[in-house]
């Protein structure tokens, strides 16, 4: 890793993370490293390192944190969160960082697909005649797919 | 026991065996599951993009259930997690609740926090109860051993799940498996994550995670892996062939849903539990339960 230039760091980054839903407790971390020790992803892919990500946030390395693809490699298993003695809620911090990356246009390509699907059909999978015929054959009630309500929510409200 | 039945996106399209067996079990245990046709996605897929969007969508579904005066029963652990978390957050944060309700206004809906969210497995465990189910077992599965897979969002984060089970030593699913007469296969990877939520971004990473558990259950020779979430099924059943290729090893770990297992013990025909739709299965095991025509 390159030498860290503190002049390029923004000490207020941690405050912005703390203002995000889920990011509130970021400053409580005392670096014990239990998050990293128990993370199943870090065992496979050492680049994804929860303790290091927290230090980077506290040092203010905003862009370096938000642009990393590994932010999206967390499987959200909540092991770190449930083991943390300081209730940093690191899994929620990951969601907060992803939200921030999306707003800055730093999320990997294709990440917006879920939103498009929900605005088109209200569901992640298409429900058409084929699906409902299969359901009827098995004696299951038909389901419907309605785009309108999610379109209303997502078009009107985004992004507060 | 009456619940609004929240199917989510994956179950009613890709995991009809889970739905069929849950409905069968619910009927035979006196749990009334009411289908609300306006239920749609739970909001979880948006949490990484915009948390508030995700909460608003969750609150919309909860508001629909409130209008019917019914608590919610979920089959998918991600749906259950998303809805419980929204319920927990919005009940305790008035400013956030007002903001969400403002966005629900054009839909004529309002979220008040008046209903509970429970995973189907939790309803079996807490509402019906082990004793009551035990009395109804007609075909104990005493010759068999099954590995429970709890998944993650079923009982974590513990705060939103309301202390449903111990995060380090969960028991609910294991006890429910034992109730059928089967033995529980204790395995070191029991608490491992399936990897499902990374599948879309880095397939090999997701497969590596799932491979650890499939490899262990294969080595210990259980009769199958018991799931309670369609997301986990995508990994353990849907990806199993690819994982075999990756490990260069035959796994053939049968994957089934808990209500399928319980249904067999309650005397159901495997067809009524959707076993035809299981892709990795032990046909000889299932045949033993088929009703004579």
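The values are calculated or read from the model by the stated rules, or taken from the named source; none is laboratory data. All of these numbers come straight from a predicted model, not from anything done at the bench. All Cβ positions, even for glycine, are placed from backbone atoms using ideal geometry, and neighbour counts span all protein chains on display.
How about the range B:132-160: which of its residues are touching a residue at least 12 places away in the same chain (Cβ under 8 Å), surrounded by fewer than 24 Cβ atoms within 10 Å (Cβ to Cβ) and closer than 22 Å to residue B:89 by Cα?
B:157, B:159, B:160
Any residue that is more than 16 Å from residue B:173 (Cα to Cα), in contact with a strand residue (DSSP E or B) (Cβ under 8 Å, 6 or more places away or on another chain) and not assigned by TED's automatic domain parsing to the domain that holds residue B:23 - is there at least one of those in the range B:254-268?
yes
Among the candidates B:21, B:71, single out the residue that is outside the structural domain of residue B:265 (by TED's automatic domain parsing), under 20 Å from the mean Cα position of the chain (by Cα) and surrounded by 24 or more Cβ atoms within 10 Å (Cβ to Cβ).
B:21
Is it true that residue A:92 is surrounded by 16 or more Cβ atoms within 10 Å (Cβ to Cβ) and closer than 30 Å to residue B:23 by Cβ? Full working, then the answer.
Details: surrounded by 16 or more Cβ atoms within 10 Å (Cβ to Cβ): yes; closer than 30 Å to residue B:23 by Cβ: no.
Here the answer is no, as residue A:92 does not meet what is asked.
In the range B:191-293, which helices (runs of 4 or more DSSP H) lie fully inside it and hold 2 or more residues that are touching a helix residue (DSSP H, G or I) at 6+ places or on another chain (Cβ under 6 Å) and on the phi < 0 side of the Ramachandran plot? It would help to see each step written out before you state the result.
Numbers: elements: B:203-220, B:230-233, B:240-247, B:258-265, B:283-287.
Because the criterion is at least 2 residues that are touching a helix residue (DSSP H, G or I) at 6+ places or on another chain (Cβ under 6 Å) and on the phi < 0 side of the Ramachandran plot, the helices (runs of 4 or more DSSP H) in the range B:191-293 that meet it are B:203-220, B:230-233, B:240-247, B:258-265.
Looking only at the range A:102-140, how many residues end up being under 24 Å from the mean Cα position of the chain (by Cα) and more than 19 Å from residue A:154 (Cβ to Cβ)?
The number of residues fulfilling the criteria is 4.
What do you reckon, is residue A:58 more than 12 Å from chain B (Cβ to nearest Cβ) and outside any helix (DSSP H, G or I)? I'd like the intermediate steps shown before the answer.
Working: more than 12 Å from chain B (Cβ to nearest Cβ): yes; outside any helix (DSSP H, G or I): no.
No, not satisfied.
Residue check, residue B:202 against (1) under 22 Å from residue B:9 (Cα atoms); (2) more than 10 Å from every other protein chain (Cβ to nearest Cβ), all met but one. Which one?
Looking at each condition in turn, residue B:202 falls short on (2).
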